[in-house]
Amino acid sequence: AIRLHGTVTDGAGAPVPDALLEIWQADADGAVAARPGSLRRDGWTFTGWGRCATLDDGSFSFSTVLPGRTGAGRAPYVAVTVFARGLLDRLLTRAYLPADDAEAASLLTADPLLSSLSAERARTLVATPEPTGFRFDVRLQGDDETVFLQHS
């Protein structure tokens, strides 16, 4: 299991204490749970989905598995959805989880989404390894604003 945690901040850098985040991801083998009833929680079965509200300090935390690659040339990631006050619609982004081996690092460089962005912008999508898991901060606006995706 891994821990994905961070803080949601607004354009002024203040924590957002009332945001709601959802994650969607593949399992360790890169398979996405898609069968009927796959979101039902029994305490043991991996569903690939989670939801967490931020605390007063804007922090959030998920316990999950390290996702596998969903296709050739794609780096493993966790899809993140953000709901918060003042947003007319949800925001979609990705948290790429770096690994310490050379093959995983090369996948980050070659990933179609990350390679389409400048290094400065792509950096906002890559979580930082820490002793307690992976840190992924979500900045809604301003300097270092997280890259958000358009879903059609």
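The values are calculated or read from the model by the stated rules, or taken from the named source; none is laboratory data. Because the structure is predicted, anything quoted here is derived from the model rather than measured. Areas reflect the complete protein model, heavy atoms only, side chains present, ligands, DNA and RNA absent. Shrake-Rupley method; radii C 1.70, N 1.55, O 1.52, S 1.80 Å.
Highest GNM mean-square fluctuation among G11, G86, G68, for the chain modelled with Cα contacts below 10 Å: G86.
Per the Cα gyration tensor, the chain maps to an equivalent ellipsoid with semi-axes of 23, 20, 15 Å, ordered largest to smallest.
Our estimate of slack between R123 and R135, defined as 0.36 nm per intervening residue step minus the Cα-Cα distance, is 3.1 nm. Atom-type composition of the exposed protein surface of the chain places 53 percent of the accessible area on carbon and sulfur (1.4 angstrom probe).
For the chain, adding -39500 (n - 2.57) for each run of n ≥ 4 DSSP H residues and dividing by the number of residues yields -2500 deg cm²/dmol at 222 nm.
Heavy-atom accessible area per residue, the chain, 1.4 Å probe: how many Å²?
On the way: 8680 Å² over 152 residues.
Computed with neighbouring chains in place, this is 57 Å² per residue.
Computed extension length for Q150-V32: 40.4 nm, one decimal, from 0.36 nm per residue of separation with the Cα-Cα distance subtracted. Remark: relative contact order (the range 69-136) = 28 percent; criterion is Cα-Cα distance under 8 angstrom and separation of 6 or more residues. Overall size of the range 92-152 from C-alpha positions, given as principal axis extents largest first: 31, 27, 22 Å.
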